1. At q = 0.18, 0.23, 0.24 Å⁻¹, what is the base-10 log of I(q)/I(0) for the range A:335-418 according to the Debye formula with one equal point scatterer per Cα and no solvent? Please give it to two decimals.
2. In a shell of Cβ-Cβ distance under 11 Å around B:Q182, excluding B:Q182 itself, what net charge do Lys and Arg (+1) and Asp and Glu (-1) give?
3. Using θ = phi - 60° and the Karplus curve 6.51 cos²θ - 1.76 cosθ + 1.60, what whole-Hz ³J(HN,Hα) does each residue of the range A:308-318 get, with Gly and Pro shown as x?
4. For peptide B:187-193, how many partner chain Cβ atoms fall within 10 Å of a residue's Cβ, on average?
5. Using DSSP to define loop residues, name the trypsin sites (Lys or Arg not before Pro) in the range B:1-96 whose beta-carbon has at most 15 other beta-carbon atoms within 10 Å.
6. Once you average over the residues of A:176-186, how many Cβ atoms of partner chains fall within 10 Å of each Cβ?
7. Kirkwood hydrodynamic radius of the range C:297-366 from all distinct Cα pairs, in Å?
8. Apply the Karplus curve 6.51 cos²θ - 1.76 cosθ + 1.60, θ = phi - 60°, to the phi angles in the range A:398-410 and return the couplings in whole Hz, x for Gly and Pro.
Amino acid sequence: MKRFSNYLALQFKRTAKTFIMVLAVTLILLTAAGAVGITVAASQNSGEFSKKVTVGIIGDDDDPLLDLGFSLLEQMESVKLIIGFVHYPDESSALRDLRASKIDSYALLPENFSDSLISGDNYSIHYVMPKIGTGINEVLTREILGVISNYVVETQAGVTAMIDYAGEQGLSSEKMNVLNLDMSLAYTNLIARRDSIAEITEIGFVSSLSAAGYFLSGFSIFFLLLWGVCSCTYMASSNCFLPKLLYSRGYKSLLQIICEYLPYLAAAFLMLIIVLGGAAVISGFVDFNIPELYYLLPRDYFIMAFKLIPVLFIITSFQFLLYELASGIINALMLQLIMAVLLGYAGGCFYPIYFFPETVQRLADFLPAGIAFNYFSGILTESLRTRDVAFALGGGVVFLALSAAQRQFKIKGREDQQ
Amino acid sequence: MSENDMDIRIVNIQKSFGRKTVLKDVSFDMDLGSCAAIVGANGSGKSTLLSILAGVQRGNGSFFYAGEDLMKNPKKRSSLVGYIPQGAPLIQELSARDNLLLWFSPDRLKYESEHGVIKQFGVDEFLKVPVRKMSGGMKKRLSIVCAVANDPKIILMDEAAAALDLVCKQVIRDYIRSCKSQNKAIILSTHDERELALCDKVYLLKGGELSQFGYDGNIDKLVEHIK
Amino acid sequence: MKIPVLLYLYSKRLYKKVSFIVILLAMVAVTGILSYLMSQSAGMITVALVDRENSQITNEIIRNLTEENSVVRYVITDSEEAESLLSNGKCQMIWEFAEDFDRRFTALARGEFSEPSVSVIVREQSVFVKLGLEKLYAYSYPIMAKELCKYYTLKNVGTAGQDLEMFFDSFVRQGDIVQFSYYNNSGEPGQSGYLVAPLRGIIAVIVALGSLVCVLYFMDDGESGHLDAVALNRRYRINMISDFAGTLNIAVFASLAIWISGLTGNLFNEIIVMLIYVAASVGFSLLIGQLAGKTARLAAVIPILAMLMLAVCPIFLNIDVKYVSCLLPAYWYLMSVYNTSFLPGMLIYCAFVFIISYLVSLKTRR
């Protein structure tokens, strides 16, 4: 017991000596992250994952039917949120702006496009977009254009079928022209009233996160994952001399690991208290606009820090294992960064987990980021499940046990393998 | 039976890494108050042998002290054996004093700083200096003091004087002499001619096998055998 | 020493650490596994469908919705289960088709007053909820359009026989009026895997961060006294070569990860862009290293840069902060790899960071 307390006390002292630097880095990181967050929030017209897609339209500006079509489109709420239209006189100017990233894509309407709609000939719209890394804009645009295309085709089908049928029934062309226009208006009216199909009820957040709450959780977990990197200068070990000497004097691997891990956890906890304390103070002046935080009093932020200990436990024990696995600063940093980014992605820190296939969603429940996320969201929504607690604590214990096994392996390993 | 009659016997130490056998039935014995040197080429298994004796690595064989196999009694081994590894087993962010507190109680630290091993190695002169600001020699001296804090009967030194300045080397040699005079046994691996001169027995480790070498101060002859 | 020898020695030094190879192979493996898993069927929103009418019309709407390959996923269930799915976040919306759906729906199609035929329950409004609702309207529309056509024809022409339906169906079969194409990418434009695509960005960020870590390694060597024998005026060059060796090796594994993820396009283009990216990352890392000055400061900057790159480069979000993102090498890589017209810009960026880092090194050398 004396050995344990001796080594533990020294490790606490060591952590305390480096904590100021780590805290300074953490606060810089948090400030940078906050700035990025504000920039992201400010630049997101749709308030979510993609900025509004600007689509260049190349077609006959004077065509009243096209004008009517576009004004109808601009009334569609989903279109309004996702797409903005800009008119171009020709394709070359649109292409120039596309290359300069002034617009995101353009649609080339063929000549006599509106005539072709009336006559029932399907002249295709040529939609040109750049291939870029973020597929999400493209997917949303494709979905919306699919919807628009559906309205156009079905409307045309209705009008053309009626005209063909009326022709078959021997109606005069004058009468058919009148019916054509009248029926087109009936369809336009139907599209404009399409939302009468549904009655929408918003129930708010019972036991799951709001979008803003989700962002907060994802951001917090990724921040904690990256926090491991801040500690690299004192956590990354390049040799195993001290563990070997300690081992020869009866300090077993598990004891060494516990003594080194506890101060690391304590530092993370202290950092969390400082960060949440800051948030509590700021909450007095700024509305975070996160429904889950609406009713929190400043003292609730401190209580939350204690409630979040299992989240810290699973994340920090995972980081600790990574430091144990990698020898030297270059490997330790690379491993921390790779794991933070890839596991953060798979754990739902960047995109909501429900975006992912079922398999990934199930897998995420067992990844450190996913476990921490479930626990964190459980705390925010006050719907913490026993399973979330068990996974967070159990996962942490497993990572510490693995760290001890790795320490043992390093101690017993060949000299030249270190 | 008096302490002087007791033997230290190392019997059939074996160690393999995969298919490669590093130590083949290594056996030797020595008395307390004596010093034995293990010499051999780099990678011949000297460090492995010492770390097995220290209990850091697992290996087959026996390590008898006073008739008791220390390999089977790790607790006793940790109280009897002091192991000085090649590198510096120190916490970089802390001062020399903090590092010593891991191994010495505050009272003993004070006593040793004034009269004992801490003063002997000159560590008392830089107790407040953080390890990362120390020179190689300071780190080595501090490492040795940490390793022998339990006042061991048997000291295992793995190239303790490598890459040190002349003053430091002299301090280590003085320490070896004092250990011998205090009836302690020292097993060291070394490439240093003057350290060899202090040893009562010199063993040559080659191809995993240990054999006694009649070292007479002729280093050229020793080098020929090591090759 | 000649540059190829130094490159070889620095690479060898990295590979001497078994964990370096293991980490890079782990990156390839994790990326491969993720890309495989992420390419499975997924959606941005899940809708629980409750059909209380169970008529031909509702069945047709539900069939149309569920058969389509869309970012909206559907679960057909009952009211109770749907509520449970919504409350635990397993679905984001419930569409409950009313018991007298057919009557209400037909009335709406005919332009008559009608109560809503679908009860939609959401937790909150979002772009994806609106998109989902638009899909509901769009997939109800064909049936409404047909109903309106029949009703209108009957009312105005006096009859609506079998031929009318035949005319209607034959027109609809002519299909989509929008043809998609990429202006900067040859080959058939396919549905972009929005979950797999970010992996390229993640890998690119890892390469840039790896380059920074290599600079940190070199600085650590300097602080440990390993470079004492190297003259100060030669250190920038040696640093550049060592960083290039490390980054190039990481980039080889990164390219492998991209290939395994199935994201590789034109091979020649990929190689050229990756090589320039390696150079850009080296220049950028040298500059950051020179500005940081000490390993502890550089180590502190790395997570900040990681977060910045992930946020402002077109990886997950496509936000409009070009003035910030164009300072980061990952931005140029991600733009150039799809659009070769960005290559000259990337080369200028490369030259810019090297010149600035060299000038800073001259200042710090003094």
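A short reminder: the numbers here are calculations on the coordinates, not readings from a lab. This is a predicted model, so every value here is computed, not measured. Backbone-built Cβ (ideal geometry, glycine too); neighbour counts: all protein chains shown.
1. Debye curve over Cα of the range A:335-418, log10 I(q)/I(0) at q = 0.18, 0.23, 0.24 Å⁻¹: -0.83, -1.11, -1.16.
2. Numbers: positive: B:K153, B:R177, B:K180, B:K184; negative: B:D151.
Combined, the nearby Lys, Arg, Asp and Glu give +3.
3. Calculated HN-Hα couplings, in order: 8, 4, x, 5, 4, 4, 5, 6, 5, 5, 5 Hz.
4. Numbers: counts 0, 0, 0, 0, 0, 0, 0.
That average works out to 0.
5. Numbers: sites: B:R9, B:K15, B:R19, B:K20, B:K24, B:K46, B:R58, B:K72, B:K75, B:K76, B:R77; in loops: B:R19, B:R58.
Counting only loop positions with at most 15 other Cβ atoms within 10 Å, the trypsin sites (Lys or Arg not before Pro) in the range B:1-96 are B:R19, B:R58.
6. Values: counts 1, 0, 1, 4, 0, 0, 2, 5, 0, 0, 7.
Mean inter-chain Cβ contacts per residue within 10 Å come to 2.
7. Values: mean 1/r = 0.0745 Å⁻¹.
This gives a value of 13.4 Å.
8. Working through the residues one at a time gives 4, 5, 5, 5, 5, 4, 5, 5, 5, 4, 4, 4, 5 Hz.
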